[in-house]
């Protein structure tokens, strides 16, 4: 089945503020037999700051990492962080389209990048390369009380000519992945609304207002949990939920989990390993309401992994 | 060989930047050039007479006119040399105006260029051969494809002119899009009330043979002599027996069939008559929904039909018709609502398209003309119209304007107010395009008398809040973001070409643009002709068009056909390919590459197989000539030797 | 040999004509052999000197015929069928799996153009007896160059097959390495290479006559000069023109049987030009000549969207 | 540029009657100035252009050859430019094998309405040819 090898570019956020995304994703990949390998000596993708300063720099930072992947002999690199993904993909596309750029960039980086790598988001891998039955097979727990608002954020599918994946305005990949893991997903109209992103540093209030809208819509849509795939979205919705409550006079208590954490939970990985306890808004009710899945499809021999400690 | 060269000054247009005297002088040096002169306006009557006189006086047998583009005046000069008893194909033109004097400032270089170009024309003309048209008979019957308002108009006008008409309509009834409209702008006429009588005229006209629920399978032949194969699709009801009583439709237990006529706004029965005024008013079974076809048993309609018209075993039938001209009036399609995910198209039941709303407004529509929104049947209080959904949006690949949406939005907003006086309509628009007679006044009435609120800006998103839909957009005049709480949202979805437009174009060998709209011969001066002689266009198959424009084109195309058929024989263009059977080796590569099927294999008396051109079918592209390895097939007037002569003349330039 | 003759007799009974080989004027030259009478079957041979691509005769034959083809020759038949130049029912194909043929030129050089009186082959070596002495060579050293990069030693189309299948380890890339190497040279070097090579041409048209796909034969425009693509002048540009005509007319058709090059009396690498085009045909249209009967030669068809042809910017 | 040096190079263009010849006319009517080196041959369709015309032009002394037809899908004869595209692409790839710089041969699509595009094509192509200079195919050494 799926025994493909992928390069895995975790990026800076997943090494720090979004460690739980990193850990949970690796666990999920492990259970799904998705073999991943980190390129050695990877560097920062440059994220938003690089391209606001110098387009060549932005492209070169992306290309450097892609060249490393190329050297590993792999043709797909998973970039779970949407910002990393966009930067890598943009660098790839720009160099592919414009031989001038390719020449310039290859002059600056140590080893040339020969356009042989496709950067993909973690969502794309799970949606396109893993059959939904395989995800269903891994499920050992169900969480009947859980109703999730799948929140994709701005850039994982946009602009469409860069992402080349899913519907730009009404993506459904995360919906489908969670559904195949037996998790109930609500019809969420604000899937790609902006959370405010890095504006929180300059103008907290803007982020608070924008993130408020997202959380409010999740609540109105009947969700009691938000699933995300972007470290910054997670931070704004989770970390700032208190700020939002104070500013807007609301009383949100909606846990914001990476979709990989949700998958990990129903796959039977210990909440601790998945970093559920790292969340700011308490999500313990979710783990408490977990119960053995009644209808288990296939894979009889696999038992839930033992709780650590 | 005695070539005459005539260099035109075109006033100062050419002489201003080309030394025409010098060009004329240089030409005299070429062996075979017997006469070379200049004239101030060669295309004028005295200018033409000069050519005619010179041909007689100097016994010229070839003529080169160096002047403007041959696309402009080739025919003029051909007629002139013909007046001097020279074959018209002994004329060549050198374009020294559009390609030289108008695009270069340096007189010396322009003159040199003109000398080269005229010399090339001289070299070519020396290789010209006299060509003669042949005449052929034509079938004075016309095929009209498409029974919408444009096709009906064309069919009726042709029939009035005494022609027999074959009218082929893809759907079960004629009427097209117009039959679905509630009212027409800007007069608020009842659409079916004005169209219905025309439909009846079509049905009753003895000269019109109607094939409803039929499609064009194949088109063979050429202008004057087409053989058309028509596929009569199986309706599973014998239309000779069906009286259109509608009993079957009433009793059919399969109540969830897709209603094509109503654009799916409500379901219909698996056996149905599309609408009360349908012509022909006959029932048809949709096998995708019919229980008999799905489950193998039911047969209610067969039992109940008083004339025993139901025939579950019916098969498609192919029929042939001979015609001499074809009018294409296949109309348009609309972009589906599911193409607008950001507006929740296909997800929110109360986000509908303009044509669907038209059916809701219509008294014979599924709601009986009461405005009820699809989700819960409630009367909407706030209706939002969004113009340019898809149109003028490069991101969906449609840069063009859909032509009539601005107007029907205004109309629908006015009708909404008429139906529901308490309602409030909003229109998000990019620009209001109302250039027709009485059109701008109409959109102003919507705003001023009916209080429709026009917001200039695009809508970015639609999302639900409770039972309402929140329409979020920009008001670019105020520079703010606005949100409107709507009960019903109507999208003015883009006009697109029919999904099978390209396929039909290929059968007819007419061109179509990137968007699948058919291309007219000249955008200004030949709007209903195509570049394939004998095939004409009418209505929105050429591009989005409103009713009056479509009707005008229907009449225009009909008048073109009547003019064509006023002759008893047609003259063929002799600029076609010719096979020299002594040279042809019979590899038949030309047969394989001819886009028109104009070349066939012929067996000579000695048993040798060679290619042969059907002159009347050949369009004169010359693909065969560049395919033939041994030069056996030559496109007359653009032979290898003629083109090579130009190349060699070009090369001798230095 | 027994098997060969048996097959020929079998086919002959059906066709009354079998095109094969017999020994020529000396042991190292075979010559095409038209078996029209039963008695002629005895003379038929197949050996390392059966170099000719016999298919060249087929398109203009007015009768049903049996024909012997090596792996390489069989591609010609497939190409004929693709182009509709022969009908499958008019030909009975006896395919021969082939280990390669001898380049007679090479052999002659080795024996210093002495007349050869006898040849015997033993495994991988060949003994050649000339009027003055006897010498032994490794077969591989005398193989034709085209055989060293042969990818189709076994016939791709046949009704009867003779011989054990032969395995080829040659890949596409190996077969076209010479072209890729040549293209690494600077433009000027390429031009001067061809200036020198094509400069040798005496316009004898032997290459054209040997080419099974040059179907114009006597009506070849290089010879009729009508239409006036070229003149009879032997200046360099006209020689170039002739070779361009040959190459362009064979675009997407040449099956690389190498007969043109074998026939050339002055040793112009005529096949290189055609191989170059074939390389592009593969790249552009994923098309290889003479492989599948149902393929369409790419110059006589098109796709509305060409995946591999990009618009050229200035 | 030619205007300055007044030294022209030999450029020949084969234009289809329906689109590109019309496009060149449109450029003329709009007075879009162009370098003067190009000489135009009118053909009915780009599909009429035998690759051997291009070869012949080069061998007869052209320094640059331009072919222009209707945009794909817009061919007046429906398929002509599709054939042209394949055959001319083949030729473009063959020329450098013989040592003729493929930039000397350009084929493109210009519609009757694209006067400005035509101006750009002519200007740019002329620039390219001037950059490459005259094409020299000279007699090799005589062989004995």
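The values are calculated or read from the model by the stated rules, or taken from the named source; none is laboratory data. On a predicted model such as this, the values are computed, not experimentally measured, just so you know. With ideal geometry, Cβ positions are generated from the backbone for all residues, glycine too; neighbour counts draw on all protein chains shown.
A few comments on the model shown:
- Of all residue pairs spaced 6 or more apart or on separate chains, those with beta-carbon atoms under 6 Å, a first member in the range B:518-538 that is under 24 Å from residue B:496 (Cβ atoms) and within 14 Å of another protein chain (Cβ to nearest Cβ) and a second member that is in a strand (DSSP E or B) and modelled with pLDDT under 90 are B:518/B:512.
- Residue within the range A:199-214 that is closer than 23 Å to residue A:290 by Cβ and within 22 Å of the chain's Cα centre (by Cα) present: no
- Any hit, the range D:104-116, residues being in a helix (DSSP H, G or I) and either within 7 Å of chain C (Cβ to nearest Cβ) or within 22 Å of residue D:50 (Cα to Cα) (or both): yes
- Qualifying residue in the range B:581-599 (condition: more than 24 Å from residue D:76 (Cα to Cα), part of a strand (DSSP E or B) and within 13 Å of chain C (Cβ to nearest Cβ)): no
- From A:76, A:53, residue being farther than 14 Å from residue A:120 by Cβ and over 14 Å from the mean Cα position of the chain (by Cα): A:53
- Condition check for residue A:217 on (1) out of contact with any helix residue (DSSP H, G or I) (no Cβ under 9 Å at 6 or more places or on another chain); (2) surrounded by 21 or more Cβ atoms within 10 Å (Cβ to Cβ); (3) in a loop (DSSP other than H, G, I, E, B): one failure, at (3).
- The residues listed here are A:60, A:91, A:50; of these, the one that is farther than 27 Å from residue A:261 by Cβ, outside the structural domain of residue A:200 (by TED's automatic domain parsing), in contact (Cβ under 8 Å) with a residue 40 or more places away in the chain and outside any loop (DSSP other than H, G, I, E, B) is A:60.
- Qualifying residue in the range B:618-634 (condition: out of contact with any helix residue (DSSP H, G or I) (no Cβ under 8 Å at 6 or more places or on another chain), at the interface with another protein chain (Cβ under 9 Å from one of its Cβ atoms) and crowded, with 21+ Cβ neighbours inside 10 Å): yes
- Taken together, C:2, C:51 contain a single residue that is out of contact with any strand residue (DSSP E or B) (no Cβ under 6 Å at 6 or more places or on another chain) and within 19 Å of residue C:75 (Cα to Cα), which is C:51.
- Annotation note: of C:125, C:171, C:132, the sole residue that is exposed (fewer than 15 other Cβ atoms within 10 Å of the Cβ), closer than 24 Å to residue C:53 by Cα and free of Cβ contacts under 8 Å to residues at least 40 places away in the same chain is C:171.
- Output for the range B:453-470, where each listed residue is within 11 Å of chain A (Cβ to nearest Cβ) and in a strand (DSSP E or B): B:460, B:461, B:462, B:463, B:464, B:465, B:469, B:470
- Identity of the residue in the range A:178-194, in contact with a strand residue (DSSP E or B) (Cβ under 9 Å, 6 or more places away or on another chain) and more than 11 Å from chain B (Cβ to nearest Cβ), that ends up farthest from residue A:236 (Cα to Cα): A:182
- The residues of the range C:270-296 that are more than 16 Å from the chain's Cα centre (by Cα) and more than 10 Å from every other protein chain (Cβ to nearest Cβ), listed by number, are C:282, C:286, C:287, C:292, C:293, C:294, C:295.
- Condition check for residue B:565 on (1) in contact with a helix residue (DSSP H, G or I) (Cβ under 6 Å, 6 or more places away or on another chain); (2) more than 22 Å from residue C:300 (Cα to Cα); (3) away from chain D (no Cβ under 14 Å): one failure, at (1).
- Single residue of the range C:234-264 satisfying the filter (closer than 27 Å to residue C:152 by Cα and surrounded by fewer than 21 Cβ atoms within 10 Å (Cβ to Cβ)) that is farthest from the other protein chains (Cβ to nearest Cβ): C:263
- If you go through the range B:283-327 and pick out every residue that is in a loop (DSSP other than H, G, I, E, B), in contact with a helix residue (DSSP H, G or I) (Cβ under 7 Å, 6 or more places away or on another chain) and within 10 Å of residue B:254 (Cβ to Cβ), you end up with 1.
- When B:324, B:365 are checked against the criterion of being in contact with a strand residue (DSSP E or B) (Cβ under 8 Å, 6 or more places away or on another chain) and away from chain A (no Cβ under 14 Å), B:324 stands alone in meeting it.
- Top-ranked residue in the range B:382-424 [being in a helix (DSSP H, G or I) and modelled with pLDDT under 95; ranked as surrounded by the fewest Cβ atoms within 10 Å (Cβ to Cβ)]: B:394
- Residues of the range B:171-220 satisfying the condition of being farther than 24 Å from residue B:504 by Cα, without any contact (Cβ under 8 Å) to a residue 60 or more places away in the chain and part of a strand (DSSP E or B): B:189, B:190
- Answer residue from the range C:193-202, given it is more than 7 Å from chain D (Cβ to nearest Cβ) and out of contact with any helix residue (DSSP H, G or I) (no Cβ under 6 Å at 6 or more places or on another chain) and is farthest from residue C:246 (Cα to Cα) among those: C:193
- Tally of residues being at the interface with another protein chain (Cβ under 7 Å from one of its Cβ atoms) and buried (at least 24 other Cβ atoms within 10 Å of the Cβ) across the range D:63-74: 0
- Checked against (1) assigned to a loop (DSSP other than H, G, I, E, B); (2) over 30 Å from residue A:265 (Cβ atoms), residue A:42 passes all but a single condition, namely (2).
- Matching residues in the range B:221-249 - criterion: being free of Cβ contacts under 8 Å to residues at least 40 places away in the same chain and either in contact with a helix residue (DSSP H, G or I) (Cβ under 9 Å, 6 or more places away or on another chain) or in a strand (DSSP E or B) (or both): B:249
- When D:136, D:92 are screened for being surrounded by fewer than 17 Cβ atoms within 10 Å (Cβ to Cβ) and either without any contact (Cβ under 8 Å) to a residue 24 or more places away in the chain or more than 10 Å from chain C (Cβ to nearest Cβ) (or both), only D:136 passes.
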